[in-house]
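Asks: Structure provided below as structure tokens; questions to follow.
The values are calculated or read from the model by the stated rules, or taken from the named source; none is laboratory data. Just so it is clear, the structure is predicted and the values come from calculations on it, not from any experiment. Here the Cβ positions follow ideal geometry from the backbone for every residue, glycine too, while neighbour counts run over all protein chains shown. Areas reflect the complete protein model, heavy atoms only, side chains present, ligands, DNA and RNA absent. Shrake-Rupley method; radii C 1.70, N 1.55, O 1.52, S 1.80 Å.
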Amino acid sequence: MILYDTLRSGNAWKVRLLASLLDIPLERRTLSIDRGDLKQPAFQAIAPLGQVPVLELPDGSHLAESMSILFYLAQGTTWWPADCQTQARVLSWMSFEQEHHMKPLAQLRLHLALHRDRDPMSEEFTRHAEQAKRALELMERQLDRQSAHGWIATSNAPSIADVALYPYTCMAPMGGIALESSPSVRAWLRRIEALPGYQALFPAEPERNHSTQERP
Ligand SMILES: N[C@@H](CCC(=O)N[C@@H](CS)C(=O)NCC(=O)O)C(=O)O
């Protein structure tokens, strides 16, 4: 299968992370936002919103949205639990990620760390920071409720909700959101990083995960 991504996309990192944890080979087609690749008609034909990630399936069709791609890849594995009630909990945390977690954290990382083109004290970015902190507090409380080895939506084995929430939580400090007061979140990040098959954003240079340098 082919994954269309960009070098630093946290949403595409979710897909690469799960594929690596499941040992599913993916061919990467890395596009450049700066070069305007996402606005090209050929890309918009397969991704009407002009966003990555997009997964090309074995039948040649395309799937957009990280949440649906994780769902697709996890079928038949423990990452998508078997019982309906747990499935519903996983979906609830994945919706939380899309609605309340990824948006503010991605904006903070993109504009304050990578592009450095916004004022962190502006009304808009103060609001993003407040929303991001609230989202991380909710995760901290949930992980506190789980056992010391628990996962965000499940007890015994991690699910795709953990994969969905991992990248932007891990990169939160880049956007100025410290994790010092979130010990359960930090322990959860380390548990994910210890899983066999874990893949860093830059697999050959894991220290670049938190780099703000724009070199390719
Ligand atoms: N809801 C989407 C969000 C995808 C998204 O925001 N992708 C970013 C990269 S991380 C993107 O393509 N940005 C370029 C743009 O929106 O023009 C998902 O979870 O896949």
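Asks: Enter the mean projected area of the convex hull around the alpha-carbon atoms of the chain, in nm², rounded to one decimal.
Replies: Values: hull surface 48.3 nm².
The directionally averaged projection comes out at 12.1 nm².
Asks: If the chain between Ala187 and His149 were fully stretched, how many nm would it gain, using 0.36 nm times the residue separation less the Cα-Cα distance?
Replies: 12.8 nm
Asks: Counting only protein heavy atoms and a 1.4 Å probe, tell me what percentage of the range 46-117's accessible area is made up of carbon and sulfur.
Replies: Here it works out to 57 percent.
Asks: So what is the relative contact order for the range 84-193, in percent, with contacts set as C-alpha pairs under 8 Å and at least six apart? Display every interim value, and only then the final one.
Replies: Values: 115 pairs, mean separation 36.4, N = 110.
Worked out over the range 84-193, it gives 33 percent.
Asks: On the full set of protein chains, 1.4 Å probe, figure out the accessible area of His100 and give it in Å² to the nearest 10.
Replies: Its accessible surface works out to 100 Å², give or take rounding.
Asks: Could I ask something else about it? The range 112-138 to the range 156-197: how many Å between their Cα centroids?
Replies: 19
Asks: Also, quick follow-up: Based on DSSP, what percent of beta bridges with both residues in the chain are antiparallel, to the nearest 5? It would help to have the intermediate numbers written out before the result.
Replies: Values: 6 of 11 bridges.
In the chain, DSSP labels about 55 percent of beta bridges as antiparallel.
Asks: Taking all protein chains together and a probe of 1.4 Å, list Arg8, Arg141, Arg186 from the most accessible to the least accessible.
Replies: Largest accessible area first, the residues go Arg141, Arg186, Arg8.
Asks: Using a 7 Å offset from the Cα along the Cα-to-Cβ direction at both Ser92 and Asp119, what is the distance between the two label points in nm, to one decimal?
Replies: 4.1
Asks: Still on this structure, please answer the following. Over the range 1-139, average the accessible area per residue using a 1.4 Å probe and give it in Å², no decimals.
Replies: Per residue, the range 1-139 has 52 Å² of solvent-accessible surface.
Asks: If the viscosity is 0.692 mPa s and the temperature 37 °C, what translational diffusion coefficient in µm²/s does Stokes-Einstein give for the range 42-100 when Rh comes from Kirkwood over Cα pairs? Don't jump to the answer; show the numbers that get you there.
Replies: Details: Rh = 12.9 Å.
Once the numbers are plugged in, D ends up at 255 µm²/s.
Asks: Stokes-Einstein at 10 °C, 1.306 mPa s, Kirkwood radius from Cα pairs: D for the range 1-77 in µm² s⁻¹?
Replies: 127
Asks: Let me ask something else about it. When the chain is fully extended, how far beyond the present Cα-Cα distance does Leu57 get from Glu207, taking 0.36 nm per residue of separation? Could you put the intermediate results ahead of the total?
Replies: On the way: separation 150, 0.36 × 150 = 54.00 nm, distance 3.14 nm.
Length gained between Leu57 and Glu207: 50.9 nm.
Asks: Under the 0.36 nm per residue contour assumption, what length would be gained going from the current alpha-carbon distance of Arg29 and Ile2 to full extension? Show your work: numbers first, answer last.
Replies: Working: separation 27, 0.36 × 27 = 9.72 nm, distance 0.69 nm.
Once the chain is fully extended between Arg29 and Ile2, it gains 9.0 nm.
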